[in-house]
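Novice: This is the structure I have questions about; it appears just below.
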Amino acid sequence: MSSISLAQPSTLGPVRQTYARKEDFPPIARAYSQVSNTVRETGLLRRAPWFYALVGLAIAVGFGGAATGFILLGDSWFQLLIAGTLGILFTQVAFLAHEAAHRQILATGPGNDRLARVLAAFVGMSYSWWDSKHSRHHANPNRVGKDPDIEIDTISFLDDDAAKARGPLRMITRVQGWLFFPLLTLEGLNLHRHSVQHLASRGPVKGRWAEISMITARFALLLTPIFLMLPLGMAFAFLGVMLAVFGVYMGASFAPNHKGMPVIAPDAKLDFFSKQVRTSRNIRGGWWATWLMGGLNYQVEHHLFPSMARPHLAKTREIVREFCASNDVPYTETSIGRSYLIVIEYLNRVGLAARDPFDCPMSAEYRR
């Protein structure tokens with residue numbers, strides 16, 4: 001297997017060797033089985049119901065406090081603080097929806113699915129849309145043509161997509177790294193838009209009417225008091241701040257995980273362990289980062305063990321790091337600030353493909 005450098009995004013070339021028997025697996029392919037056995041024997045795959053009960057209680061108290069503050073403040077621009085708080089709380093609910101979708105919270109698959117669908121609707125998102133998209137991402141992280149998270153959606157994550165940008169989108173793409181965080185203020189609206197489009201599509205949608213009913217009720221319960229109790233301008237400002245905080249918080253939590261990591265060619269063949277570890281990035285910070293990012297700071301471990309409960313990820317990190325060191329597999333971990341700089345640099349580098357080439361005889365000669 002050819003080695004690659006994780007210093008810059010790169011494309012993994014195809015690996016021709018195929019494996020027909022378990023004994024044919026090279027040591028790195030066997031490493032995942034060894035890690036899995038160690039993790040299982042250590043009890044790190046067990047559920048953590050009390051942890052999630054406490055998290056749910058804390059979020060519920062937060063919403064109760066926000067509602068109380070909203071009523072007491074009345075017609076006041078301090079309501080924008082409540083709006084920002086709601087943006088944070090809705091993101092925390094989205095983290096729980098993500099964990100329920102991965103079977104991390106309840107004991108049964110159907111129970112987790114029902115919980116994830118309710119929590120996603122509470123946030124204003126279609127669970128059926130998000131689950132399909134996220135499952136494809138986990139199966140093939142950063143693989144061209146298979147990971148929906150690197151498909152173009154205003155932002156281009158691949159050079160080929162950036163080169164195809166036209167009109168106003170081309171202008172954005174040229175400086176997309178610098179515009180990344182400002183654009184995240186619109187990500188909340190973007191998630192709602194994708195959800196509505198999915199639920200209104202003609203194709204089969206599991207739980208379509210249940211999701212439509214819950215999401216409609218959600219917006220009715222949220223918007224009615226805002227527009228009844230606040231002046232019209234303040235009500236729109238309230239919604240703008242809430243959606244902006246929600247979008248930035250969501251994007252800032254998910255973006256550091258894979259952006260700027262190696263991109264896998266469509267025809268590359270990699271073992272599960274290498275594929276998941278090489279394309280994922282952890283964020284240092286311990287318990288505060290875990291709380292802030294809903295466990296997404298342990299992205300390597302999450303991709304290796306998607307159903308692992310949040311409290312067990314830190315201990316699993318120690319086991320995975322040891323195996324990576326023993327098998328010479330790059331394990332990427334950095335600070336949250338450094339991760340954002342990497343993402344911005346990567347997006348700006350991709351955006352160069354949208355810039356017009358310098359038109360001179362010398363450049364034309366080199367393009368031949």
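Novice: Loop-only trypsin sites (Lys or Arg not before Pro) in region 25-65, please: DSSP not H, G, I, E or B, and at most 13 other Cβ atoms within 10 Å. Write down the numbers at each step before the final one.
Specialist: On the way: sites: 30, 40, 46, 47; in loops: 46, 47.
Qualifying residues, ordered by number: 46.
Novice: Build a GNM of the chain with springs between Cα atoms under 10 Å: which of 69, 87, 177 gets the top mean-square fluctuation?
Specialist: 69
Novice: Where Lys and Arg each count +1 and Asp and Glu each count -1, what net charge lies around residue 111 among other residues with Cβ under 14 Å from its Cβ? Don't skip to the end; give the middle numbers.
Specialist: On the way: positive: 47, 103, 114, 117; negative: 99, 113.
Counting the neighbours of residue 111, the net charge comes to +2.
Novice: What is the sum of charges around residue 340, taking Lys and Arg as +1, Asp and Glu as -1, for the other residues whose C-beta is under 14 Å from the C-beta of residue 340?
Specialist: On the way: positive: 259, 281, 284, 338; negative: 345.
Charge balance in the 14 Å sphere: +3.
Novice: Check the straight Cα-Cα distances from residue 315 and name the lysines below 23 Å, setting aside those fewer than 8 residues away within the same chain.
Specialist: 275
Novice: Which value at 222 nm does the chain reach when only helices count, each DSSP H run of 4 or more adding -39,500 (n - 2.57), with the total divided by all residues and rounded to the nearest 500 deg cm²/dmol? Can you show the working numbers first?
Specialist: Working: 17 runs with 229 residues, N = 368.
The helix-only estimate for the chain comes to -20000 deg cm²/dmol at 222 nm.
Novice: If you count, for each residue, the other Cβ atoms within 10 Å and average over each peptide, how do 123-130, 333-340, 57-64 line up from highest to lowest? Could you put the intermediate results ahead of the total?
Specialist: Values: 123-130: 23.5, 333-340: 15.9, 57-64: 12.9.
Descending mean neighbour count gives 123-130, 333-340, 57-64.
Novice: Another one. Using a cut-off of 12 Å between beta-carbons, work out the net charge of the residues near residue 162 (Lys and Arg +1, Asp and Glu -1, residue 162 not included). Write down the numbers at each step before the final one.
Specialist: Working: positive: 164, 166, 170, 174, 349, 355; negative: 159, 160, 161.
Neighbourhood net charge equals +3.
Novice: Sort 194-204, 232-242, 298-308 by packing, meaning the average of other beta carbons within 10 Å per residue, with the highest value first. Intermediate values should be presented prior to the final figure.
Specialist: Working: 194-204: 12.8, 232-242: 16.4, 298-308: 22.7.
Taking the mean over residues of other Cβ atoms within 10 Å, the ranking is 298-308, 232-242, 194-204.
Novice: What FRET efficiency would be calculated for the residue pair residue 67, residue 46, taking the C-beta separation as r and a Förster radius of 41 Å, to the nearest 0.05? Before the final figure, lay out each step's value.
Specialist: Numbers: r = 35 Å, r/R0 = 0.85.
Once rounded, the FRET efficiency stands at 0.70.
Novice: Please identify the helices of the chain, taking whole runs of DSSP H, that span at least 24 Å along their own axis as judged from the Cα atoms and have a mean Kyte-Doolittle score of -0.5 or higher.
Specialist: 49-73, 79-101, 208-229, 232-254
Novice: Calculate the radius of gyration of the Cα atoms of region 275-326 to one decimal place, then report Dmax, the largest Cα-Cα distance, as a whole number, both in Å.
Specialist: When restricted to the Cα atoms of region 275-326, Rg and Dmax are 10.2, 31 Å.
Novice: Still on this structure: Mind checking which lysines have their C-alpha under 26 Å from residue 164, skipping anything on the same chain fewer than 8 residues away?
Specialist: 133, 146, 259
Bear in mind that the values in this text are calculations on the coordinates, not laboratory data. Note that the structure is predicted; figures quoted are calculated from it, not measured. Counting neighbours? That spans all protein chains shown, and the Cβs are built from the backbone with ideal geometry, glycine included.
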